[in-house]
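**Student:** Structure in structure tokens, see below.
The values are calculated or read from the model by the stated rules, or taken from the named source; none is laboratory data. Just so it is clear, the structure is predicted and the values come from calculations on it, not from any experiment. In this analysis, Cβ positions are derived from the backbone assuming ideal geometry, glycine residues included, and neighbour counts consider all displayed protein chains.
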Amino acid sequence: MKNKVIAAVGVLALGATLAFGATGDPSTADGQRQFHHGRHGRKGAFGAKFAEKLGLTDAQKQQIRDIRKGFYEANKPLFQQARATRQELRAAKQAGDQAKLDALKPTLDAQRAQFKELRAAQDQKIAQILTPEQRAQWDTLKAERAQRMQERKQRSNQ
């Protein structure tokens, strides 16, 4: 009898784990994925940790939030277009369609260049909000981040 109770509790625990685990899908009801800023759900470049390192005031934090929100809203069609291009690219890779991959490469490269320009313009707006000391610290943090990304890229290419 005792073994049956233990087995039943184990089955219930396993069932509860599976039921709650099944709801961990990052898709919404309409099938769109929910993405978080940054890696592993952490906030993006101006999250709390970054703001703390720069010593941002509440007013500066709000101004940066406004810039980022405006950036996203102004470029939403471009983000959607880039998402569609990446989906096409993924489908072409899975299908092994080299001609489609070759045709998408110029579009993808152009989108990347456009995003780079847009990010640079956004960075200029943010830099105007920062004090000279904060700007120097920001440049240092960005350089460190770029170095880590480069190292990660080299490791993945090996």
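**Student:** For a quick check of your reading of the model, give me the residue pairs whose first member lies in the stretch 118-135 and is without any contact (Cβ under 8 Å) to a residue 12 or more places away in the chain and under 15 Å from GLY55 (Cα atoms), whose second is surrounded by 12 or more Cβ atoms within 10 Å (Cβ to Cβ) and basic (Lys, Arg), with beta-carbon atoms closer than 9 Å and at least 6 apart or on different chains.
**Tutor:** ALA127/ARG135
**Student:** May I ask you to list the residues in the stretch 51-83 that are out of contact with any helix residue (DSSP H, G or I) (no Cβ under 9 Å at 6 or more places or on another chain) and not in a helix (DSSP H, G or I)?
**Tutor:** Hit for the stretch 51-83 is THR57, nothing else.
**Student:** Would you mind stating whether PHE71 is surrounded by 12 or more Cβ atoms within 10 Å (Cβ to Cβ) and modelled with pLDDT of 90 or more?
**Tutor:** The answer is yes for PHE71.
**Student:** Hey, could you check the stretch 79-113 for residues that are surrounded by 13 or more Cβ atoms within 10 Å (Cβ to Cβ) and among the acidic types (Asp, Glu) and say which is farthest from the chain's Cα centre (by Cα)?
**Tutor:** Looking at the filtered set, the residue picked out is ASP97.
**Student:** A further question on this structure: Of the residues LYS53, LYS61, LYS76, which single one is of a type outside the set (Gly, Ala, Ser) and surrounded by fewer than 12 Cβ atoms within 10 Å (Cβ to Cβ)?
**Tutor:** Result: LYS76 is the single residue among LYS53, LYS61, LYS76 that is of a type outside the set (Gly, Ala, Ser) and surrounded by fewer than 12 Cβ atoms within 10 Å (Cβ to Cβ).
**Student:** Another question about this same structure. On the given criteria, is ALA136 part of a helix (DSSP H, G or I), closer than 27 Å to GLN60 by Cα and over 22 Å from the mean Cα position of the chain (by Cα)?
**Tutor:** Taking the combined requirement at face value, the residue satisfies it.
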